[in-house]
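Q: Starting off with a structure, shown below.
No lab work stands behind these numbers, since they all come straight from the coordinates. These numbers come from a predicted model, not from an experiment.
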Amino acid sequence: MILNALVGNIDKRGGLCLQESAGFTNVCDPVGPDIVAVTGVKLPAPKAKRLDKLLYPLNVSTINAVYEAILTGQPHPVKALFAVGTCPLQRDARYHMAVETLKKTELVVSIDIFPPTT
């Protein structure tokens with residue numbers, strides 16, 4: 001983004017175009033803004049820490065933690081995987097681990113904007 005700004009390539013044809021926020025609160029952050037504004041319902045606070053925060057506390061959204069939990073059942077069993085905006089088989093270098101994980105998962109939902117090749 002900095003390079004695009006330096007060369008004047010922001011909001012230009014063929015350049016980097018930024019979209020304004022829709023004004024919704026961040027629903028992924030349970031400690032952040034009030035979820036009622038988006039859903040209209042008060043959701044209960046999470047009872048357990050996220051899997052990625054248990055195994056990799058300094059990192060954000062680490063799919064390897066989910067894969068490891070599905071394969072080992074630790075720290076608790078995971079039976080479903082919802083992948084939004086990505087294909088689990090194409091997102092990481094650990095392809096074979098992803099394949100084994102998907103085979104072991106009871107329910108897999110993948111929502112991506114591109115047609116899958118897998």
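Q: Any of K53/K103; K12/K53; K12/K42; K47/K103 with alpha carbons more than 32 Å apart? Name them for me.
A: On the way: K53/K103 24 Å; K12/K53 39 Å; K12/K42 42 Å; K47/K103 28 Å.
Over 32 Å Cα-Cα: K12/K53; K12/K42.
Q: Amide H of A83: which non-local residues (sequence gap of 5 or more, or other chain) have their own amide H closer than 5 Å, using H built in the peptide plane?
A: Amide H neighbours of A83: V109, S110, I111.
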